[in-house]
Every structure is written in structure tokens, then in C-alpha cells.
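Asker: Can you keep this structure in mind? I'll have questions shortly.
The values are calculated or read from the model by the stated rules, or taken from the named source; none is laboratory data. On a predicted model such as this, the values are computed, not experimentally measured, just so you know. Virtual Cβ from ideal backbone geometry, glycine too; neighbours counted across all protein chains shown.
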Amino acid sequence: TEEEVDATFDCLREEPDDFLSGNDTFKPPQDATIPKSVNWRTKGLVSPNLMDCSTRYGNHGCKGGNVRKAFTYVIENKGIDSDKFYPYKAKEGKCRYSVKGKAGYCRKYRVLPQGDEKALKKAVATVGPVSVSIYSKLPSFRFYKRGIYHDPKCTLKPSHAVLVVGYGTKRGKDYWLVKNSWGTGWGKNGYVRMARNKKN
């Protein structure tokens with residue numbers, strides 16, 4: 001049923017003033033050169049590690065989670081495993097984090113102005129992958145396979161957290177390179193090119 005699909009795939013739980021407490025707004029370096037394209041895919045950071053291991057911070061595995069609480073887990077855990085070491089299994093499981101699979105860490109996070117694609121581009125270019133919230137309940141997104149994704153029916157109400165790992169332009173169309181958490185069987189090996197500069 002639609003409710004079961006929502007419970008499995010669309011489990012973002014936003015909270016009022018979610019990111020504002022204790023974190024600063026992102027300010028890009030003044031003299032930074034912003035390249036025309038960026039691709040951070042080789043780092044392989046993963047979300048199943050977050051889904052399984054951030055429950056002690058108030059997240060609810062497959063029943064929903066909050067990005068701030070996921071960041072708190074990574075900061076206090078001093079790391080996150082790679083997707084090769086901690087693969088997606090389409091179900092909630094016991095926390096299996098191991099420092100042997102550590103692919104990255106986070107000391108603090110910054111907040112981007114909501115809907116500011118220029119700020120997002122600068123952050124991806126100068127810092128690295130950026131966690132964002134999107135609306136993922138449309139069939140066109142759930143069954144995406146290839147191309148640059150854009151659906152005019154998309155709303156600004158977030159239902160799912162994903163990772164922007166790059167950006168570029170293909171045949172004159174700007175896009176964000178986004179890593180989803182639904183495994184490599186979804187989209188193009190787990191990724192989607194989402195339209196950029198469409199006020200989304």
C-alpha cells in the first residue's frame with residue numbers, strides 16, 4: 001500500500017528550528033574558485049550506518065529519522081562507515097559500525113539557507129557532500145532510472161533525506177548528483193541526477 005511504501009522509504013522527521021541550535025550558517029570562502037562540475041562519489045559514505053546506529057539519539061530506523069540527530073551520532077561516534085563496509089539491506093538492523101570501515105567523520109555541521117542553490121553549489125565545491133531534504137513521494141522519483149530528473153508536481157515539503165555529492169551540466173541542462181539510500185538497485189546505481197536551478 002502507499003502507506004507501507006511511505007513508512008519504508010519516506011521517513012524524514014523534521015523538527016521546528018531543526019538545524020539552528022548550536023550550528024552556524026555556512027559561509028563559503030571569499031576567494032574560493034567554484035568549478036563547473038564536482039563529483040565526490042568515490043568517498044562512498046553511507047546512510048544504513050546512520051539508520052541502524054542513530055536510534056540512541058532519538059531516530060527510529062525504518063520508521064523515520066531526523067538529519068540533526070544523524071549528525072549528532074556521526075560527531076559523537078567520531079566516524080561513519082563506507083557503503084562497501086556497511087552495505088544497504090533494505091531493512092533495519094543491529095548497529096554494525098566498526099572503525100575498520102570508517103570512511104569519514106564530522107566535527108560540526110553548518111546550515112545552508114533553505115532553497116539557496118548557489119550556496120549549495122559553493123558548499124559542495126568547497127567542503128564536500130551535503131545532506132539535503134527532498135520530496136520523494138512521486139512515482140516518477142520512486143521509479144527513476146536515468147536522465148535528469150524533474151517533475152513539476154514536486155512540492156517543497158520534504159519527506160526524505162539524501163546526499164548531494166556533486167553537480168554538473170549535461171547537454172545544456174544543469175543537475176545535482178544525488179546519492180539516495182535505497183541501494184544500488186534504485187536509479188542509476190543508487191544515484192539520481194536532479195535538475196539544478198529549478199528553484200527546488
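Asker: Does residue 124 qualify as being of a type in the set (A, V, I, L, M, F, W, C), within 21 Å of residue 192 (Cα to Cα), touching a strand residue (DSSP E or B) at 6+ places or on another chain (Cβ under 9 Å) and crowded, with 18+ Cβ neighbours inside 10 Å?
Answerer: Considered against the rule, which asks whether it is of a type in the set (A, V, I, L, M, F, W, C), within 21 Å of residue 192 (Cα to Cα), touching a strand residue (DSSP E or B) at 6+ places or on another chain (Cβ under 9 Å) and crowded, with 18+ Cβ neighbours inside 10 Å, residue 124 comes out as yes.
Asker: If you don't mind, there's one more thing I want to ask. Would you please list the contacts, defined by Cβ atoms under 9 Å and residues six or more apart or on different chains, that run from a residue in the range 127-150 that is within 14 Å of residue 180 (Cβ to Cβ) and in contact (Cβ under 8 Å) with a residue 60 or more places away in the chain to a residue that is of a type in the set (Val, Ile, Thr) and part of a loop (DSSP other than H, G, I, E, B)?
Answerer: Listed by first residue and then by second, the contacts come to 137/155.
Asker: Of the conditions (1) crowded, with 18+ Cβ neighbours inside 10 Å; (2) among the hydroxyl-bearing types (Ser, Thr, Tyr); (3) touching a Lys or Arg at 6+ places or on another chain (Cβ under 7 Å), residue 144 fails just one. Which one is it?
Answerer: Failed condition: (3).
Asker: Moving on to the next point. Suppose we keep only residues that are among the charged types (D, E, K, R) and modelled with pLDDT of 80 or more within the range 48-67. Which one would you say is surrounded by the fewest Cβ atoms within 10 Å (Cβ to Cβ)?
Answerer: 56
Asker: Okay, next question. From the list 107, 171, 146, which residue is under 18 Å from the mean Cα position of the chain (by Cα) and either more than 24 Å from residue 184 (Cα to Cα) or at pLDDT 90 or above (or both)?
Answerer: Exactly one residue qualifies, and that residue is 107.
Asker: For the range 80-100, enumerate the residues that are of a type outside the set (A, V, I, L, M, F, W, C), surrounded by fewer than 18 Cβ atoms within 10 Å (Cβ to Cβ) and over 20 Å from residue 63 (Cβ atoms).
Answerer: If the condition is that a residue be of a type outside the set (A, V, I, L, M, F, W, C), surrounded by fewer than 18 Cβ atoms within 10 Å (Cβ to Cβ) and over 20 Å from residue 63 (Cβ atoms), then 82, 84, 87, 98, 100 are the ones that fit.
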